[in-house]
1. Using the basic label-point model (7 angstrom from Cα toward the beta carbon), what is the Glu96 to Leu128 distance in nanometres?
2. Could you calculate the contour length gain from Thr18 to Glu41, that is, 0.36 nm times the residue separation minus the distance between their Cα atoms, to one decimal place in nm?
3. Within the set Lys57/Lys137; Lys57/Lys97; Lys51/Lys118; Lys97/Lys118; Lys97/Lys137, which residue pairs have Cα atoms separated by over 27 Å?
4. Quickly work out the Lys118-to-Ser30 label distance, labels modelled 7 Å from Cα along the C-beta direction, and quote it in nm with one decimal.
5. Once the piece of chain linking Asp48 and Gln8 is laid out straight, how much longer is it, given 0.36 nm per residue of separation minus the C-alpha distance between them?
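We did not get these values from a lab; they are worked out from the coordinates using the rules stated. If you're wondering where the values come from, they're calculated on a predicted model, not measured in any experiment. Note that we place each Cβ from the backbone using ideal geometry, even for glycine, and neighbour counts take in every protein chain shown.
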Amino acid sequence: MSNELTPQKLTEYGEIITIIERARTNAFRSVNREMISMYWEIGAYVSDKVKHSGWGKSVVADFARYIQAEHPDIKGFSASNIWHMRQFYETYNGNEKLAPLVREISWTHNLMIMSRTKTDEAREFYLLLCSRNNYTKRELERQIDSMLFERTMISDERNKLFLAQNAGLTALRDSYVLEFLDIPGTGVSIS
């Protein structure tokens, strides 16, 4: 039996590696969904206690200290993170469009989107962007800092206006096509 790596073996080994990587990705996504669901439930619980049982900063701080003292193996439950869980729940509760999307990205990404966007439309935009493109924290931060959502909305409005004024060009619906063509009067150009 030869130990030589033939092109066929390399292809077959590559296929097996792909299966392993896909399984790891699926496992990570499943664990992430469960963790986000747990944060959602804790956020709902704390939200209810704040509204109906008078919970405030001191109770949440006591709870955080209790977890750290009695269950040191449980991480991620500082007082500030517990308040983030409440905010997370209150931000997305009742929003049938966005609530399922939050389970598709990491907690860090959720916190960034939740704290740095002001509208449901912007949140949806960045949630979908992260989910579809597997953005790193740094890439998401860069997109938010560059105001990608706002620039996209402005660009889309300019493109709609341009197409309405130039009925013969309705096939050019893609803003990337309009940018590429650098058509005068659209307000869209590559810079």
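1. Distance between the two pseudo-spin positions: 1.8 nm.
2. Here the segment from Thr18 to Glu41 would lengthen by 4.8 nm.
3. Long pairs (Cα-Cα over 27 Å): Lys57/Lys137; Lys57/Lys97.
4. Calculated label separation equals 4.2 nm.
5. Length difference between fully extended and current span is 8.4 nm.
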